[in-house]
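Okay, structure first, notes after.
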Amino acid sequence: MLRILAPEWDDAPRENWLSSAMRNSAYVYPDHGRMWLTQRILREQGAIRMPQSARLLIESVYGEDVDMPVGFAKTEQLQEGKFYCDRAFASQMLLNFAPGYCAEISDFLPEKLSTRLAEESVTLWLAKVVDDAVTPYAPGGHPWEMSALRVRKSWWEKHNGEFERLEGELFQQWCVEQHQNKDLAIVIVVTDSAACGYSATEGLTGKMEA
């Protein structure tokens, strides 16, 4: 038996049908109309029979002729806009194979190329400063690679003031040694204190208020 957690069924749902009952799910699955259509077909069928019912289930949710409730008009428009926006962005990432395997295969720098449609991210390096010497946070054979992590750009823009960054001559020297662009590289100085904004168990936490 398969149990499905879902909002209470409503033949004429409003815009907040999903968000009022399952806020986190509404955030993760923003196309609320498709969720409602899924619930409808499951209620009608009473069971999931695979593979014989696969086409019916798919067409009942994503078919061109599905009857979408008027309450989801706004979210449906937002999702349609996102679809065309994502498609336009993906078209900019197309690779030109005519020149062969070379730098001219794309108009973007390698670090800007992506095989996923996701929010832009930034790379941070974690470092310790001991006796005016910059050392990587992580040990091992490739310590700087192991000391690097990626975070959402929007998160970093919101929290970047909560961390101590490597600056001055030490930063300039690090960029030269690690072959990094000084205008793009971000090195965070961490210590054994939780106040530095990084925890070995929790990751980036930012400065905690006292």
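Key figures for this structure:
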| quantity | calculated |
| --- | --- |
| Acute angle (nearest 10 degrees) that the helix 32-45 long axis makes with the longest principal axis of the chain, alpha-carbon atoms | 40 degrees |
| Note, ³J(HN,Hα) from phi for the stretch 159-174, Karplus 6.51, -1.76, 1.60, rounded to Hz, x at Gly and Pro | 10, 4, x, 8, 10, 8, 9, 5, 9, x, 5, 4, 5, 4, 5, 4 |
| Pairwise label distance in nanometres, Asp65 with Tyr29, each label 7 Å out on the Cα-Cβ vector | 2.5 nm |
| Euclidean distance of C-alpha centroids, the stretch 137-169 and the stretch 175-206, integer Å | 3 Å |
| Added length on full extension, which subtracts the Cα-Cα distance from 0.36 nm per residue, Thr201 to Asp10 | 64.4 nm |
| For the chain, calculated [θ]222 nm from helices alone, where every DSSP H run of n ≥ 4 adds -39500 (n - 2.57) | -10000 deg cm²/dmol |
| Nearest-ten-degree value, helix 73-92 long axis tilted from longest Cα axis of the chain | 50 degrees |
| Qualifying trypsin sites (Lys or Arg not before Pro) for the stretch 1-96 [loop in DSSP, other Cβ within 10 Å: at most 15] | Arg3, Arg14, Arg49 |
| Computed FRET value (nearest 0.05) for Glu44 with Cys85, which takes r as the C-beta separation and R₀ as 35 Å | 0.60 |
| FRET efficiency, Asn160 to Ile58 (Cβ-Cβ, R0 41 Å, nearest 0.05) | 0.40 |
| Reachable aspartates and glutamates from Lys158, criterion Cα separation under 15 angstrom, eight or more residues apart if same chain | Glu119, Glu120 |
| Hull shadow area, averaged, the stretch 121-204 [alpha-carbon convex hull, nm²] | 5.7 nm² |
| All-pairs Cα distance distribution in the stretch 1-45, expressed in whole percent, bin size 10 Å | 26, 60, 14, 0 |
| Rounded FRET efficiency, nearest 0.05, which uses the C-beta distance separating Ser20 from Glu167 and R0 of 41 Å | 0.30 |
| Matching label, P(r) over Cα pairs in 5 Å bins from 0, in percent computed from the structure shown, candidates (i) 1, 6, 13, 16, 14, 12, 11, 10, 8, 5, 3, 1, 0; (ii) 1, 5, 10, 11, 11, 10, 9, 10, 10, 9, 7, 4, 2, 0, 0; (iii) 1, 7, 14, 18, 19, 16, 11, 7, 4, 2, 1, 0, 0, 0 | (ii) |
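Since every read-out is calculated from the coordinates, none of them should be taken as a lab result. Please read these numbers as outputs of a predicted model, since none were measured by experiment. So basically every Cβ, Gly included, is an ideal-geometry build from the backbone, and we count neighbours across all protein chains shown.
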